[in-house]
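To start, the structure under review is shown below, and the notes come after it.
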Amino acid sequence: MKRAAVLLALLAGCAGEPPRIPPDLPRTGAAVLRAWSPGEVRVEAIDGVEIGRASHALVAPGEHQITVRWAGGQSVVRVGQVHGVLQARSSYVIEAEPDGAQRTVLFSLVDKGPNYDPQCLERPTFGTQPKGRAC
């Protein structure tokens, strides 16, 4: 029974509205930040606000501090910060480039523009690549 409750909570979190930062942010004036990227990159928090397992977040335009996490082979995990200025109605993704020894990871914020395919925001169930166009 406990297992079913946990599964329902996880599904509800995936199917619900994306987090908004700040919480009263209208969708029309928001920037969209995809919370994951292929290669085990995950957005952990935006301006210190944890976003959980959401596929994306709606964020007010302006300057933000984004906490990101990258997981590599052999249980290697790196956490970093990305500072960026987000524009209203534009979509953004985080990319990670580890060095050859996986000692350091360069994180970058990539502006995908206002016409980013909404399917690209959803994390694929199978495989690692998003299902939208020009993701």
**Item:** Single residue of the range 1-57 satisfying the filter (over 22 Å from Gly132 (Cα atoms) and of a type in the set (Val, Ile, Thr)) that is modelled with the lowest pLDDT
**Value:** Val6
**Item:** Residues satisfying the stated conditions in the range 70-84, i.e. open to solvent by 80 Å² or more (accessible area, probe 1.4 Å) and closer than 18 Å to Val59 by Cβ
**Value:** Gln81, His83
**Prompt:** modelled with pLDDT under 95, part of a loop (DSSP other than H, G, I, E, B), buried (at least 16 other Cβ atoms within 10 Å of the Cβ) and of a type in the set (Lys, Arg): does that describe Arg133?
**Reply:** no
**Request:** For the range 100-115, name all the residues that are of a type in the set (A, V, I, L, M) and in contact with a strand residue (DSSP E or B) (Cβ under 6 Å, 6 or more places away or on another chain).
**Result:** Val105, Leu106, Leu109, Val110
**Fill in**
Note on the range 103-121: residues open to solvent by 90 Å² or more (accessible area, probe 1.4 Å), in a loop (DSSP other than H, G, I, E, B) and modelled with pLDDT of 90 or more are Pro114, Asn115
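The values are calculated or read from the model by the stated rules, or taken from the named source; none is laboratory data. None of these values were measured; they are calculated from a predicted model. Positions of Cβ are backbone-derived with ideal geometry, glycine not excepted, and every protein chain shown enters the neighbour counts. Just so you know, the surface numbers come from the protein's heavy atoms only, side chains and all, with ligands and any DNA or RNA stripped out. Shrake-Rupley method; radii C 1.70, N 1.55, O 1.52, S 1.80 Å.
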